[in-house]
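Here is the structure we will look at, set down as C-alpha cells.
The values are calculated or read from the model by the stated rules, or taken from the named source; none is laboratory data. These numbers were taken from a predicted model, which means no experiment stands behind them. All Cβ positions, even for glycine, are placed from backbone atoms using ideal geometry, and neighbour counts span all protein chains on display. For accessibility, only protein heavy atoms count, side chains too; no ligands or nucleic acids. Shrake-Rupley method; radii C 1.70, N 1.55, O 1.52, S 1.80 Å.
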Amino acid sequence: MENVVNLPKHQQDQLQQHLVNTQVKDSLQMYMNLVERCFDTCVHSFRSKELASYESSCLENCGHRYVKAANRTGLRFQEHQALQMKRAQDAAAANSGIGG
C-alpha cells in the first residue's frame, strides 16, 4: 500500500472511489444472497399475503446465522491478512539485515 502514496492525487482519489464502489457492491451481493437463501429455505406457502409465524421466526434465525457467519469469516480474513503482513515485514527485516 505504500505505492499508493506515490500516486498522483487524482489517481489516489480514483482508487479510493473504486474501493468504496467495490465494498458497496460486495455488501449488496451479500445482502441479496442472504435474502435469497433465507427466503428459499423458510417460505414455502403463498396462500396468504402475510408470513406464517414459523416462516417469520425461520427468516429471523436464518438472517442472524448468515450475518454471524459473515462476520466470523471477515474476522478470520483480517487475522489471516495481519499474519501475512507480519510475515512479510519479518522477511523484509531479515533481508535488510542480511544485505546491510
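Specify the longest stretch of the chain that does not include any exposed loop site, a site being one of the trypsin sites (Lys or Arg not before Pro) with a non-H, G, I, E, B DSSP assignment and at most 12 other Cβ atoms within 10 Å.
Here the longest run is 50-100.
Compute and list, largest first, the equivalent-ellipsoid semi-axes of the chain from the alpha carbon gyration tensor, each √(5λ) rounded to a whole angstrom. If you can, show how the numbers build up before the last one.
Numbers: eigenvalues 407, 79, 9 Å².
So the equivalent ellipsoid measures 45, 20, 7 Å along its semi-axes.
Work out the charge dipole of the chain with +1 on the Cβ of Lys and Arg and -1 on the Cβ of Asp and Glu about the Cα centre, then indicate which of Asn21, Thr41, Leu7 is farthest towards its positive end.
Thr41
Counting Lys and Arg as +1 and Asp and Glu as -1, each charge on the Cβ, what is the dipole of the chain about the Cα centre in debye, to the nearest 20?
Dipole magnitude for the chain comes out near 120 debye.
Can you give me the % of accessible surface on the range 1-96 that is carbon or sulfur? Probe 1.4 Å, all protein chains present, nothing else counted.
Summing carbon and sulfur atoms, their accessible area is 56 percent of the total for the range 1-96.
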